[in-house]
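Data first, discussion second: the structure below is written as structure tokens.
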Amino acid sequence: MKKLLIASALALSLPLGAVANQIQVQEAYRAAAKQENPGFKDFSATRGQAFYSAKSGDTACATCHGDSPKAHGKHAKTGKDILPLAPSANAQRFSDASKVEKWFKRNCNDVLKRACTSEEKGDFMAYLLSLK
Amino acid sequence: MKTPIVIALVLSLSALAAQAGEHGDKYAGESRGKPLQPAQTNAKWQQECGSCHTAFAPGLLPAASWRKIMAGLDKHFGADASLNAAENQEITAWLVEHASNRWRASAAPLRITDTAWFQRKHDAHEISPAVWKRPAVKSRANCQACHAGADKGDFNEHRIRIPK
């Protein structure tokens, strides 16, 4: 119990915290995915990868975030540099639940013209977290 | 008889000069502010309005333009840039407070690049049309391509570098 407290206190203050938060964010999507789809089993990095590069019209997530999410991306309309999306290259990614949710909402809307499902979000995260 | 005419002439000439000197009238009232950006900026604005493009300095547009832009963020130049109500209020208030203080026209364009001052400063005499098409520039709104200090509100003429 004491260990757990120390661990969570550390998690809040050290870079280690990013990892703990990523797990929390993904677990929240898992709970929501089960609600949305009773047949849901687990997230899949393979599905996430396909989702990442699938074009809808002429845009994919990869259009701005780059063919490799470990490298810098570039905003398709404005040309602005975008930091890597893979946590192995940019530790802060997927560690702030409200930031993650804000950008899923915006970018799914822009690319797919609809909201993403919790399963899609979790798959997407699973793919990015799997990149070493 | 002669003196009153001369005086009248001198008076009207100086009135004209005063008018031309009044920056607000130089671009039919569509003038950018001075300063363009206060030394202390708002962190939310920097973060939220600087994620897809350079955060555009508040003095580049009048308050009415910022109000319109902030009211339509869900359909923002083809992008969804929506914010929650609290963030929106905080950023709107800051932009409005530091908006152009020399704007006199009633027009409130949504684009900086549509303002009279911008078009004059970036007309074909200053920048050849081919320059705008270069991949490194791509869009007129890509201020950073030529003004390296754009994110700090620095557009000084002496620090402009046009990419090849």
### Task
Return only the number of the condition from (1) in contact with a Phe, Trp or Tyr (Cβ under 6 Å, 6 or more places away or on another chain); (2) more than 13 Å from chain B (Cβ to nearest Cβ) that A:Leu129 does not satisfy.
(1)
### Task
Taking B:Ile127 as meeting all but one of (1) closer than 24 Å to B:Leu61 by Cβ; (2) touching a residue at least 12 places away in the same chain (Cβ under 8 Å); (3) within 12 Å of another protein chain (Cβ to nearest Cβ); (4) not hydroxyl-bearing (Ser, Thr, Tyr), write down the number of the exception.
(3)
### From A:Phe94, A:Phe124, residue being in a loop (DSSP other than H, G, I, E, B), aromatic (Phe, Trp, Tyr) and more than 14 Å from chain B (Cβ to nearest Cβ)
A:Phe94
### Summary
Flagged in segment A:33-59 as in a loop (DSSP other than H, G, I, E, B) and within 15 Å of the chain's Cα centre (by Cα), in numbering order, are A:Phe43, A:Ser44
### Task
Scan B:Ala141, B:Ala116 and give me the residue that is crowded, with 16+ Cβ neighbours inside 10 Å, of a type in the set (A, V, I, L, M, F, W, C), under 14 Å from B:Leu60 (Cβ atoms) and within 14 Å of another protein chain (Cβ to nearest Cβ).
B:Ala141
### Query
open to solvent by less than 40 Å² (accessible area, probe 1.4 Å), within 28 Å of B:Gly78 (Cα to Cα), in contact with a Gly (Cβ under 9 Å, 6 or more places away or on another chain) and in contact (Cβ under 8 Å) with a residue 12 or more places away in the chain: does that describe A:Pro69?
no
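If I filter segment B:33-48 down to residues being under 19 Å from B:Glu87 (Cβ atoms) and open to solvent by less than 30 Å² (accessible area, probe 1.4 Å), which single residue comes out as farthest from the other protein chains (Cβ to nearest Cβ)?
Start the filter on segment B:33-48 by keeping residues that are under 19 Å from B:Glu87 (Cβ atoms), which leaves B:40-48.
Now narrow it down to the ones that are open to solvent by less than 30 Å² (accessible area, probe 1.4 Å): B:42, B:45, B:48.
Working: B:Asn42: 18, B:Trp45: 16, B:Glu48: 9 Å.
The qualifying residue farthest from the other protein chains (Cβ to nearest Cβ) is B:Asn42.
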### Message
Take the residues in segment B:71-99 that are within 9 Å of chain A (Cβ to nearest Cβ) and open to solvent by less than 50 Å² (accessible area, probe 1.4 Å); name whichever of them is farthest from A:Ser98 (Cα to Cα).
### Response
B:Ala79
### Message
Looking for something at pLDDT 95 or above, within 14 Å of chain A (Cβ to nearest Cβ) and in a helix (DSSP H, G or I) - is there at least one such residue anywhere in segment B:53-70?
### Response
no
### Task
State yes or no: is A:Glu27 out of contact with any Ser or Thr (no Cβ under 7 Å at 6 or more places or on another chain), surrounded by fewer than 15 Cβ atoms within 10 Å (Cβ to Cβ) and under 23 Å from B:Gln47 (Cβ atoms)?
no
### Message
Looking at segment A:80-100 only, could you name the residues that are farther than 17 Å from A:Phe51 by Cβ and among the charged types (D, E, K, R)?
### Response
A:Lys80, A:Asp81, A:Asp96, A:Lys99
### Task
Please report, ordered by residue number, the helices (runs of 4 or more DSSP H) entirely within segment B:76-164 with at least 3 residues that are within 16 Å of the chain's Cα centre (by Cα).
B:85-97, B:116-121
### Task
May I ask you to verify whether B:Ala28 is assigned to a loop (DSSP other than H, G, I, E, B), open to solvent by 40 Å² or more (accessible area, probe 1.4 Å), modelled with pLDDT under 95 and farther than 26 Å from A:Gly79 by Cβ?
yes
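The values are calculated or read from the model by the stated rules, or taken from the named source; none is laboratory data. Keep in mind that this is a model prediction, so the values were computed, not measured. Neighbour counts are summed over all protein chains in view; Cβ atoms, including those assigned to glycine, are modelled from backbone coordinates with ideal geometry. The protein model used for the area step is the full one, side chains on, heavy atoms only, and it has no ligands, DNA or RNA in it. Shrake-Rupley method; radii C 1.70, N 1.55, O 1.52, S 1.80 Å.
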